[in-house]
Each structure stands twice: as structure tokens, then as C-alpha cells.
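Novice: The structure's right below; bear with me while I get my questions together.
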Amino acid sequence: MSASYRSENHARAAIVDAARRMNALGINSGRAGNVSLRWNRGAQDGLLLTPSALAYDAMTADDLVWLPVAVPAAEAPDDEQPLRADGARRPSSEWRLHRDLYASRGDAGAIVHAHAPFATTLACLPRIHARGIPAFHYMIAVAGGDDIRCARYATFGTAELSAAARDALAQRRACLLAQHGLVALGASLEAALELAVELEGLARMYWQALQVGEPALVDAREMERVHARFGRYRPDADAPG
Ligand code: 13P
């Protein structure tokens, strides 16, 4: 899957716009976070990704980096060495997370990684590490299941973090990252950004509920009904791969 932009430059502009909106919407701040779009060049599967440590306001389409999804074993870099890139900028330090998710998730057309305040607050709690955000609200279904998992902690930019996120995203399109933030997958940049905003809203509500008591949960049977209806309510949000 490659998004239907008229040209790579249009795709690059859309990524910069999505990255800026991520901050404007309050789900990220400063230079944290990163955004990517699946973008194949001819027969070569790849992705376009925001560069590392560059302010989004200063970022232009030319600053984005294209990377291949498949890396020959001999060229696989260590954690510190950015993958061979075609631009002047270094790719995001989370290039491996994005690359590995595109490699394992055919349903991902775009990925948003943000240090969203409420999602990240929850991702620091042992109860969330153990059980994720449970179905305290039926809209938990938006991420594809009956909970939103929290990927085990791993150092940013490492293969361990990719593996932890991949596990937490099984049959889901969004997850938390312990002591770090959130990841949202979408068929498009719009969908990934919207899901990141929805997850942050759910995290905020769950955090608020925890301030005043122990939230009641929607039971598994009722969540089945919710999922069955979800296909009609949000046909764009099919069961994740
Ligand atoms: P980059 O600027 O390298 O993308 O890093 C931001 C970040 O959030 C790392 O997790």
C-alpha cells in the first residue's frame, strides 16, 4: 500500500502538516514524537519519515527522509547508526520502530508516535503495564480490541522497542509504550492522527476516573456487541491485522 498523493512532494508536505497538527492538537509537544507514511519507490517498499530532533515549525518537505522497509542483513545497522538515508537529515531515532511496523503490518499506511501527556502518564503506572487500559468505555474498541495494551519498556530506537510495540499491537491499531508515549497506526495519515487523538482522549478519561474511584468495566460480551456494531459505525476501522 502506498498512499494516493499526486507526488512524493505532496506526500512529504502532508507528513509535515500531520506532525505540526500533532503538536497543535495537544497530543505532543516540542520536538518529541515522529510521523511516517508508507511510500514505495517503484518496486522498492519504503517509508517517508520525519527527521530526528528538528522542530516541526522549522521542518520543510525536503527535511523528510525516505528509507527502504527491507534492509539486507549485511547492511542492518546497529542501534546508534541511522539507516542509509537519501536526504541531508538523519531519520528519526525511531526509524526502526516505523520500519519494523511497516514490515510486519500490511494494514499500516501511516504511523504516528507521540508523547501524549495523559497516555504517557498512564504508561508510567504498573497497573497499566500489567493490564493496559481496560474497557472502561466502549470506545476502547476504536483500537481494535477490548483493551489498549502497554508495550513493555525498552530503550528508544532499539529493536527491543520494535518487538515490544509489535507485540502490544497484535490485533490492535494503537498501544501505549511504557515510560514513553503512544503509537497509532492508520490506513492514512488522517486516520493515524485521529486515532492518536482518540487514544489520548480515552487516556484522559481513564486517568480522570481513576482520580475518583475504580472505574467499572464494559464486560466481554457487551464488547462483542460493540465490535459487531463498530464495523457499521466506522467501516474505515476494520479489524486490525
Ligand atoms: P526523533 O526527533 O529522533 O524522532 O525523536 C523523538 C522521539 O520521540 C523519540 O522517541
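The values are calculated or read from the model by the stated rules, or taken from the named source; none is laboratory data. Please read these numbers as outputs of a predicted model, since none were measured by experiment. For neighbour counting, all protein chains shown are included, and Cβ atoms are generated from backbone atoms with ideal geometry for every residue, glycine included. With ligands, DNA and RNA removed, areas are computed over all heavy atoms of the protein, side chains included. Shrake-Rupley method; radii C 1.70, N 1.55, O 1.52, S 1.80 Å.
Novice: Provide the per-residue ³J(HN,Hα) series for region 141-158, in order, calculated from phi with Karplus coefficients 6.51, -1.76, 1.60 and θ = phi - 60°, each as a whole number of Hz, with x at glycine and proline positions.
Specialist: 4, 4, 8, x, x, 9, 7, 10, 6, 10, 5, 4, 5, 8, 4, 4, x, 9
Novice: Comparing Gln44, Gln211, Gln179, which has the greatest mean-square fluctuation in the GNM of the chain with Cα pairs linked when under 10 Å apart?
Specialist: Gln211
Novice: Got a sec to turn the phi values of region 124-137 into Karplus ³J(HN,Hα) couplings, 6.51 cos²θ - 1.76 cosθ + 1.60 with θ = phi - 60°, whole Hz, x for Gly and Pro?
Specialist: Karplus values, whole Hz, x for Gly and Pro: 9, 9, x, 5, 6, 4, 7, 10, x, 8, x, 7, 6, 9.
Novice: Return the long-range amide H neighbours of Asp107 (sequence gap of 5 or more, or a different chain), with a cut-off of under 5 Å between placed amide H atoms.
Specialist: So Asp107 has HN proximity to Gly241.
Novice: At 15 Å minimum axial length over the Cα atoms and a Kyte-Doolittle cut of 0.5, report the qualifying DSSP H helices in the chain, or say none.
Specialist: Taking the DSSP H segments of the chain (at least 15 Å long, mean hydropathy at least 0.5), we get 189-212.
Novice: Another one. Just grab the label-to-label distance for Met139 and His10, each label 7 Å out from Cα along the Cβ direction, in nm (one decimal).
Specialist: Here the answer is 3.1 nm between the modelled labels.
Novice: Moving on. Can you list residues from other chains, or at least 5 along the same chain, whose modelled amide H is less than 5 Å from the amide H of Leu47?
Specialist: Trp39, Leu67, Val69
Novice: Give me the percent of the accessible area of region 188-241 that comes from carbon and sulfur atoms, probe 1.4 Å, all protein chains in place.
Specialist: The computed percentage sits at 53.
Novice: Specify the residue with the greatest mean-square fluctuation among Ala228, Ala103, Ala165, computed from a Gaussian network of the chain linking alpha-carbon atoms under 10 Å apart.
Specialist: The residue with the greatest mean-square fluctuation here is Ala228.
Novice: Moving on to the next point. If you stretched the chain out fully between Ala58 and Arg229, how much longer would it get, using 0.36 nm times the residue separation minus the C-alpha to C-alpha distance? Intermediate values should be presented prior to the final figure.
Specialist: Details: separation 171, 0.36 × 171 = 61.56 nm, distance 4.28 nm.
Value of the extension gain: 57.3 nm.
Novice: Using a simple spin-label model with points 7 Å from Cα along the Cα→Cβ vector, what separation in nm is obtained for Glu160 and Gln44?
Specialist: About 3.2 nm separates the two model spin labels.
Novice: To continue, here is another question. Leaving ligands, DNA and RNA out of it, work out the accessible area of Tyr153 with a 1.4 Å probe and give it in Å² to the nearest 10.
Specialist: We get 130 Å² for Tyr153.
Novice: So what is the calculated 222 nm ellipticity per residue for the chain, using -39500 (n - 2.57) for each DSSP H run with n of 4 or more, over all residues, to the nearest 500 deg cm²/dmol?
Specialist: After summing the helix terms and dividing by the residues of the chain, the value is -11500 deg cm²/dmol.
Novice: Quick one: accessible area per residue over the chain, 1.4 Å probe, rounded to a whole number of Å²?
Specialist: On a per-residue basis, the chain sits at 46 Å².
Novice: Ordering Trp95, Trp207 by accessible area with a probe of 1.4 Å, largest first, what comes out?
Specialist: Trp207, Trp95
Novice: Here is a follow-up. Rolling a 1.4 angstrom probe over the protein chains, ignoring ligands and nucleic acids, what is the accessible area of Arg89 in square angstrom, nearest 10?
Specialist: About 100 Å², rounded to the nearest 10.
Novice: Build a GNM of the chain with springs between Cα atoms under 10 Å: which of Leu182, Leu54, Leu67 gets the top mean-square fluctuation?
Specialist: Taking springs between Cα atoms under 10 Å, the residue moving most is Leu54.
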